[in-house]
Each structure stands twice: as structure tokens, then as C-alpha cells.
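What follows is one structure encoded as C-alpha cells, with my remarks underneath.
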Amino acid sequence: MYIDALAKLGVGGSHPGGLSLSKELLESQTIHAQTEILDVGCGTGLTSVYLYTHFNCRVTACDKHLLMIKKANQRFQLADVPVHATYEIAESLSYQEEIFDFVLSESVTAFTNISKSLAEYYRVLKQGGKFIAIEMSHDETLDETELKKMEHFYGIKNIRTRSEWVEDLKANGFLNIKVQPFHVDKLQTNSEYDFNPSPELGPEIYDTIVEHEDLMSIYRSNIVPLILTAEK
């Protein structure tokens, strides 16, 4: 699967816009030393390290991919930050209710059962807390065959439209919902990818990445990255 290829390559900042966009979004928020942030689907931990080193805030990092967790914890140890990634499933988080000021999802929630994940984010957010996400959508111009091809490759059950994301957020109680399409040209400007590849990489890993690049080249105008923000 695509996610497995990213894990074996140890790609950091693989979401649209990469760490540059994450910085831009987070620096516009009020974050201080007492702020509690859940980085759900933290991947290799690139954003979690930035959050702690830049804001000195309280970061909780989790993922469901064991190799991602391993590489995230390697990053945290090397960076000497007091963050430890743990195994969590977005649809059934183990955290108590209302403990986070922010839940951050960087190209994560689309790969889950979205309604269940959003319900969990809402549950663990404090009153007035904020959900921030960078996720994919489609512009409704793909035919069913093309859409199924994309969904199969990425392991996504249902790539949402912009309006469907809004409906999902409303259905789970979120308020002050804002959805901003992310200009596709920015996908080419991010220079902050980093890699921590596993020792043995088979040809299937490179084949998967090439297929991803081919799909993005063909459907770049149809698959629209979104910045989503919403409050509890």
C-alpha cells in the first residue's frame, strides 16, 4: 500500500504542502507552553518535533502504523524532545474526553472511517478546542472508474468532496467550519521533505511511488488538497 511505501522510505512531511504549510497554519494559532496538541497519524514525527521545539507546547503523538511509530520515536530521541509516539487508531482513541486544545490531522483522516474519527476528535477536544487538517478531496469531475482507481490505490473508502467534508464536520458537532482549497502549485514548492529509509527496500516500494506520481500527474486538477479548520 501507499502508506507502507511512505513508512519504509521514512518520508517526513509527505502531506500536501509539507512542513512549510504546517508551519504556516500552526503559527497563525495561539499556542503556548500549556497548550495540549494531539498529532494524530504523526507519521515519522516531523511536525511533532516542530511543535515542541518552536512552541514548547505539550505534544501527544500517535499513529497506527508500527514502522511509522518506530521512526517517529527515533526522530524524537535524536532531537532530544520529550515526545513519545504510541499506537492509536483514530476511530477509537484511548484518550479521555476533553483533554486537547488542538487535534492535528495531516493527510490522515481521509484514510480512516471519517465519521468515526471525527467523532473521536470531537470527544477528546476541550470546549473551544480546534481541529486542523490537511486532507484531500475531489472536484466531482472524476467518473466512477477513475474515482475507484484512486480510492483503491490509496486505500481510501470514499474520497470526499469539499461539501462532504463540511457535512461530516457538521454531523459530528463541529462549529465555525472553514474549508480552504490549497493551490496545487504549492505542492511543488516544498523543500522540507526528509527521509529515513529502512535498510532493505524492494522494487515494489519504488513502483508504488512512481504510480503515485503518475496518478497525481494525471489527476492533479481533479484531486484538490484542502485546509480544514473547525471548533468544538
**Q.** Stretch gain in nm, segment ASP139-GLN127, where the contour uses 0.36 nm per residue and the Cα spacing is subtracted
**A.** 1.1 nm
Q) Can you give the accessible area per residue of the chain, in Å², using a 1.4 Å probe? A) 49
Q.
Taking a ≥ b ≥ c as the square roots of the Cα gyration tensor eigenvalues, with a/c under 1.5 meaning rounded and otherwise prolate when a/b beats b/c, else oblate, which class fits the chain?
A. oblate
(Q) So, R0 is 22 Å and r is the distance between the beta-carbons of GLN29 and GLN74; what FRET efficiency does that work out to, to 0.05? (A) 0.20
Q: Set the Förster distance to 35 Å, then compute FRET efficiency between LEU66 and SER20 from the Cβ-Cβ distance, nearest 0.05.
A: 0.80
(Q) Accessible area of the stretch 76-144 with a 1.4 Å probe: how many percent of it is carbon plus sulfur? (A) 46
Q) Computed over the Cα atoms of the stretch 1-72, what is the ratio Rg over Rh, Rh following Kirkwood? A) 0.98
Q: Please work out the FRET efficiency for the pair GLU146 and ASP194, using the Cβ-Cβ distance as r and a Förster radius of 41 Å; give the result to the nearest 0.05.
A: 0.80
Q | Rounded, prolate or oblate (a/c below 1.5 giving rounded, otherwise prolate when a/b exceeds b/c) for the stretch 46-166 by Cα gyration tensor | A | prolate
Q | Extension gain (nm, one decimal) between GLU167 and ASP207, 0.36 nm per residue minus Cα-Cα | A | 10.8 nm
Q) If you take the square roots of the eigenvalues of the alpha-carbon gyration tensor of the stretch 45-111 and sort them as a ≥ b ≥ c, do you get rounded (a/c under 1.5), prolate (a/b over b/c) or oblate? A) oblate
Q) Can you give the Kirkwood hydrodynamic radius for the stretch 98-222, in Å, rounded to one decimal and based on Cα pairs? A) 16.6
(Q) Whole angstrom only: what separates the Cα centroid of the stretch 106-148 from the Cα centroid of the stretch 1-62? (A) 17
Q | Dipole magnitude of the chain, debye to nearest 20 (Cβ charges: Lys/Arg +1, Asp/Glu -1, about Cα centre) | A | 580
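The values are calculated or read from the model by the stated rules, or taken from the named source; none is laboratory data. Treat the numbers as computed from the prediction; the structure is a model and nothing was measured. Backbone-built Cβ (ideal geometry, glycine too); neighbour counts: all protein chains shown. The protein model used for the area step is the full one, side chains on, heavy atoms only, and it has no ligands, DNA or RNA in it. Shrake-Rupley method; radii C 1.70, N 1.55, O 1.52, S 1.80 Å.
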